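**Student:** The structure that follows is given in the form of structure tokens.
Taken together, the values in this text are just the output of simple stated rules run on the coordinates, not laboratory data. Note that the structure is a prediction, hence the values are computed from the model and not measured. Here Cβ is always computed from backbone atoms with ideal geometry, including for glycine, and neighbour counts include all displayed protein chains.
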Amino acid sequence: MTEELCIWAVDGSGTVEPLSPLKQMPTELRFEELIVRNPEMLEPGLRLVGRQTPTQTGWLDLLAVDADGRLVVYELKRGMLVREAVTQVLDYASDLDAMSTADLAEHISERSGNHGIERIDDFEQWYADNYGGDDLSRLLPPRMVLVGLGVDAVAERMARFISAGPVDMSVVTFHGFQREGERLLARQLEVQSRRTELSRKRRTPTIAEKRQALQKYLVDKGYKDLFDRVRADLRQCLPEQDEDVWEHPGSKSVGFQLTESEDSKVWKVYFGVQAGYVGSGVYSISVLPLAIGWGGDVAFARLRESVALKDWQHGGYYLSFKTREEWDEIRPHMIDFVHTVLANRTNVEGPEN
């Protein structure tokens with residue numbers, strides 16, 4: 001149980017004045033508003049995506065994504081946390097965890113943009129932009145965090161018991177004081193799940209960090225000019241709308257992912273451009289199985305006759321080259337195949353055989 005915290009104000013003469021403790025915030029809504037405006041009070045890198053979000057049995061206070069790309073359910077109380085708060089947050093989190101990732105993304109998008117929360121039109125794209133990939137399974141199971149002005153013995157015991165197992169539950173308490181019309185808050189982490197501690201050590205780089213790392217690699221190794229040329233040549237063949245194409249950065253590559261018409265916003269890798277991946281000073285283009293399938297037997301046979309293809313360790317094939325002149329020779333055949341893939345994807349009868 002939270003021990004009593006005492007704070008004294010000390011003036012220049014050494015006189016101390018004890019500050020009066022707050023037993024509760026004026027209203028739960030005002031406490032919540034304070035957190036919405038200052039989410040870093042809860043934890044660094046937190047992005048709020050929902051407020052007063054409906055579930056099957058009630059309205060969860062705050063929904064967020066943490067710095068590791070994990071969904072977090074917050075239950076806030078303006079006073080001391082009691083056992084009912086533990087059951088509430090378990091109820092809300094289990095409802096979200098039962099959803100498919102596609103339903104969860106739609107659930108978040110449709111309920112964003114209210115009560116001071118940013119509007120997210122396409123949660124899957126937003127997640128990819130901010131958390132380094134399109135794998136929404138990383139969101140689940142959600143973390144649970146109880147927040148209040150202290151916690152009673154029963155609620156703390158329950159939270160510690162739950163957090164010691166496979167369920168990720170934490171308790172954050174604020175100690176409140178008032179002095180001359182001001183309210184002061186001190187944050188304390190009472191209970192932290194072991195899984196959260198381990199997750200912090202395995203933090204996944206964001207997409208922005210991956211792009212920066214790739215650019216640094218290309219510049220340091222002298223690959224940037226030709227790599228950018230090849231990437232631009234392939235990108236011009238792909239759909240014009242950015243929402244239909246996703247360039248996923250790797251440590252030495254960019255993968256071109258396209259949305260599947262029958263499963264909106266599910267990204268599939270078709271082609272990749274690499275520099276130094278298959279050998280020092282060697283550029284490569286990977287042709288993945290989906291591209292081969294949509295290209296059809298005739299187009300793929302034509303490509304194999306025109307360029308030297310090798311087995312790609314991740315499935316499919318790749319072609320390689322070292323200079324701009326070699327790329328200029330390969331380019332027409334590769335571009336022709338890419339155009340065929342895109343044309344067949346829009347043909348309801350499928351690829352030619």
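**Student:** Between rounded, prolate and oblate, where does segment 75-126 land on the alpha carbon gyration tensor, with a ≥ b ≥ c its root eigenvalues, rounded for a/c under 1.5, else prolate if a/b exceeds b/c?
**Tutor:** Working: a/c = 4.37, a/b = 1.61, b/c = 2.71.
Verdict is oblate for segment 75-126.
**Student:** Using a Gaussian network model on the chain with a 10 Å cutoff between Cα atoms, which of PRO239, PRO142, PRO39 fluctuates the most?
**Tutor:** Per the Cα network of the chain with a 10 Å cutoff, PRO239 tops the list.
**Student:** For segment 207-345, max minus min Cα coordinate along each principal axis, in Å, sorted largest first?
**Tutor:** Projected onto its principal axes, the Cα set of segment 207-345 covers 39, 34, 26 Å.
**Student:** Additional query: Counting other beta carbons within 10 Å of each Cβ, put GLU33, GLU75, GLU180 in order, fewest first. List each step's numbers first, then the result.
**Tutor:** Numbers: GLU33 14, GLU75 24, GLU180 7.
Ascending Cβ contact count within 10 Å gives the list GLU180, GLU33, GLU75.
**Student:** Need the full-extension length gain, ASN114 to CYS6, defined as separation in residues times 0.36 nm minus the C-alpha distance. One decimal, nm.
**Tutor:** Numbers: separation 108, 0.36 × 108 = 38.88 nm, distance 3.75 nm.
Working it through step by step, the gained length comes to 35.1 nm.
**Student:** I would also like to ask the following. Anyone know which of HIS333, HIS314, HIS107 comes out most mobile in the 10 Å Cα GNM of the chain?
**Tutor:** In this elastic network of the chain, the residue with the biggest mean-square fluctuation among HIS333, HIS314, HIS107 is HIS314.
**Student:** Something else: Rounded if a/c is under 1.5, else prolate if a/b beats b/c, else oblate: with a ≥ b ≥ c from the C-alpha gyration tensor eigenvalues square-rooted, which is segment 100-185?
**Tutor:** Values: a/c = 3.07, a/b = 1.47, b/c = 2.09.
Note, shape of segment 100-185 comes out oblate.
**Student:** How do SER112, SER280, SER94 line up, fewest other C-beta atoms within 10 Å first? Numbers along the way, then the final one.
**Tutor:** Working: SER112 21, SER280 7, SER94 17.
The most exposed by this proxy come first: SER280, SER94, SER112.
**Student:** Which three extents, in angstrom, do the Cα atoms of segment 8-201 have along their principal axes, listed largest first?
**Tutor:** 61, 34, 34 Å, listed from the longest principal axis down.
**Student:** Return P(r) of the chain (all Cα-Cα pairs; 20 Å bins starting at 0; whole %; ordered from short to long distances).
**Tutor:** Final binned percentages: 25, 41, 25, 8, 0.
**Student:** Right, another one. If each of ARG324 and GLU209 carries a label point 7 Å out from its Cα toward its Cβ, how far apart are those two points in nm?
**Tutor:** Going by the 7 Å Cα→Cβ label model, 3.5 nm.
**Student:** What shape does segment 25-118 take by its C-alpha gyration tensor, where a ≥ b ≥ c are the square roots of the eigenvalues and a/c under 1.5 counts as rounded, a/b above b/c as prolate, and the rest as oblate?
**Tutor:** Details: a/c = 1.62, a/b = 1.21, b/c = 1.34.
It is oblate, given that a/c is not under 1.5 and a/b is not larger than b/c.
**Student:** Could you grab the relative contact order for the chain? Cα pairs under 8 Å, six or more apart, rounded to a whole percent.
**Tutor:** On the way: 613 pairs, mean separation 40.9, N = 353.
That works out to 12 percent.
**Student:** Still on this structure, I have one more. Could you compute Rg(Cα) / (2.2 N^0.38 Å) for segment 148-188, with N its residue count? Walk me through the numbers on the way to the answer.
**Tutor:** Values: Rg = 13.7 Å, N = 41, 2.2 N^0.38 = 9.0 Å.
The value comes to 1.51.
**Student:** Counting C-alpha atoms alone, how compact is segment 277-353: give Rg to one decimal and Dmax as a whole number, in angstrom.
**Tutor:** Answer for segment 277-353, Rg first and Dmax second: 12.8, 42 Å.
**Student:** In whole angstrom, note down how far apart the Cα centers of segment 35-76 and segment 102-147 are.
**Tutor:** Going from one Cα centre to the other spans 10 Å.
**Student:** Taking springs between alpha-carbon atoms closer than 10 angstrom, which of PHE161, PHE337, PHE123 fluctuates most in the Gaussian network model of the chain?
**Tutor:** Between PHE161, PHE337, PHE123, it is PHE161 that shows the largest mean-square fluctuation.
**Student:** What ranking do 214-225, 248-259, 52-63 get when scored by the average of other Cβ atoms within 10 Å per residue, highest first? Kindly include the intermediate steps, with their values, before the conclusion.
**Tutor:** Values: 214-225: 14.4, 248-259: 19.7, 52-63: 17.8.
For the peptides 214-225, 248-259, 52-63, the packing ranking is 248-259, 52-63, 214-225.
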